[in-house]
Amino acid sequence: MSSIKKVNLGNQGLEIPAIGLGCMGMTVGFGTNIYGNADEKEAIVTIHRSLELGGNFLDTAEAYGPLLNERLIAKAINGNRDKYIIATKFGFEVGDDEQYTGALNGSKSYVKKAVERSLKNLGTDYIDLYYLHRLDPNTPIEETVEAMSELVKEGKVKYIGLSEVGSETIRKAHKIHPLTAVQSEYSLFERQIEELGILNTLNELGIGLVAYSPIGRGFLSGEIQKPEDFADNDFRKYLPKYKGEQFFKNVELVNEIKKVASEKNITTAQLALAWVIAKGHTPIPGTKRVKYVEENIAATNITLTEADLNQLESIIPLGTETGARYDEAGMKGVNL
């Protein structure tokens, strides 16, 4: 096993590799294919290759599938559970029929129900890092975190976190039980949590940031140059960040970043990942292919200087309009 640099995620004692593996695209996501068709066999080979390279931090959720993604993870880690660090999430309510109810649920009863289902689906008796996927507007965060804290006491969960929450929610939750991590979208293309001061709150409280979509949902790879490069069933076509006039503005920005990557003889995606790591955060790029997991892990060996960071951030300064990352309804559920 190659040794990816290890880092502390937050200050509660969880040590992880400097990069994780986002598994959402390995099955259907929210009832649909994410980033093209999924192939279970290829996904499992990708997880195994990641482990060989030291990439043993896997990110999933009950919502992915729903439930199918956790079951795929169970197949991949079977017989080797102790070699992996598994993060999963709950909160998009899934009924007994294994379908979405359309509600967000952070109630104490649902926390208990969801964790038992995830443990069963993952084929394990403990979860390393358990997140609330989205804030339930009808349940005080204190109630949700109290229930999560009980799971820690019971040994079912080692560490807890939240996803897509604002500073006030983070502070309230952290008082009930120390948070290890907050997961949010963060990349050269998406720095809203920085603009809102959420990153400052995490740094102040000693909570780690796990950055999903660190390659801008693949856009920062530089391979998408025209709208037709998205497949007909690709959900990215419908995100404000990647459609209309904004699409072409963003392509211009990516092409500038591409030049920097070319000078360094690395891929644009690797440069985007190296930037997140240099900022002190843990990216969890999603892939379901061996080629890309190898490329992503190689990015952990790239060192960026202060001058490099300044150059990249002068191309896309903080506050640059790159478009909303979700539609209007989706944006109402983040940074709360």
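At a glance:
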{"item": "Probe 1.4 Å, accessible area per residue of the range 11-124, Å²", "result": "38 Å²"}
{"item": "Fully extended contour minus Cα-Cα distance, from K175 to K112, at 0.36 nm per residue", "result": "20.6 nm"}
{"item": "GNM top mover of D82, D128, D59 - the chain, alpha-carbon springs below 10 Å", "result": "D82"}
{"item": "Shape metrics for the range 72-180, restricted to C-alpha atoms - Rg then Dmax, Å", "result": "13.6, 41"}
{"item": "Area of E40 that stays accessible when all protein chains are in place (1.4 Å probe, Å², to 10)", "result": "90 Å²"}
{"item": "With Cα atoms, 0 to 90° folded angle of helix 306-315 axis to the chain main axis", "result": "80 degrees"}
{"item": "FRET efficiency for F248 and E194, using Cβ-Cβ distance with R0 set to 30 Å, rounded to 0.05", "result": "0.75"}
{"item": "Viscosity 0.692 mPa s, 37 °C: Kirkwood-radius Stokes-Einstein D of the chain over Cα pairs, µm²/s", "result": "164 µm²/s"}
{"item": "5 Å binning of all Cα-Cα separations within the range 195-307, expressed as whole percents from 0 upward", "result": "2, 11, 19, 21, 20, 16, 9, 3, 0"}
{"item": "Loop-located GluC sites (Glu not before Pro) in the range 149-196 whose Cβ has at most 16 other Cβ within 10 Å (DSSP)", "result": "E154"}
{"item": "Inter-probe distance in nm under a simple model that places probes 7 Å from Cα toward Cβ, at E321 and Y238", "result": "2.4 nm"}
{"item": "Subset of K258/K288; K83/K113; K89/K264; K241/K279; K83/K291; K5/K156 violating a 32 Å alpha-carbon distance limit", "result": "K89/K264"}
{"item": "In Å², nearest 10: area of K158 left accessible to a 1.4 Å probe", "result": "100 Å²"}
{"item": "Separation between Cα centres of the range 144-220 and the range 31-106, rounded to whole Å", "result": "19 Å"}
{"item": "Surrounding net charge for P17, when Lys and Arg each add one and Asp and Glu each subtract one, Cβ distance under 11 Å", "result": "+1"}
{"item": "Linear extension gain, N37 paired with D96, 0.36 nm per residue minus alpha-carbon span", "result": "18.6 nm"}
{"item": "Degrees, to the nearest 10: 108-122 long Cα axis against longest axis of the chain", "result": "70 degrees"}
{"item": "Per-selection metrics, the range 1-100 (Cα): Rg and Dmax in Å", "result": "14.1, 42"}
{"item": "Stokes-Einstein D for the range 31-90, Kirkwood Rh over Cα pairs, 25 °C, 0.890 mPa s (µm²/s)", "result": "205 µm²/s"}
{"item": "Inter-label distance, nm, simple model (7 Å from Cα along the C-beta direction), V290/N265", "result": "2.6 nm"}
{"item": "Cα-only Debye scattering, the range 7-166: base-10 log of I(q)/I(0) at q = 0.12, 0.13 Å⁻¹", "result": "-0.49, -0.58"}
{"item": "Rounded tilt (10° steps) of 268-278 against the dominant C-alpha axis of the chain", "result": "60 degrees"}
{"item": "Residue-averaged [θ]222 nm for the chain, counting only DSSP H segments that reach four residues, each worth -39500 (n - 2.57)", "result": "-11500 deg cm²/dmol"}
{"item": "Percent accessible area from carbon and sulfur atoms, the chain, protein chains only, probe 1.4 Å", "result": "49 percent"}
{"item": "Gain on full stretching of the segment that runs from Q225 to E146 - 0.36 nm per residue minus C-alpha separation", "result": "23.8 nm"}
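The values are calculated or read from the model by the stated rules, or taken from the named source; none is laboratory data. Please read these numbers as outputs of a predicted model, since none were measured by experiment. Neighbour counts run over all protein chains shown; Cβ positions are idealised from the backbone, glycine included. Ligands, DNA and RNA are stripped out before the accessible areas are found, and what is left, the full protein with its side chains, is counted by its heavy atoms. Shrake-Rupley method; radii C 1.70, N 1.55, O 1.52, S 1.80 Å.
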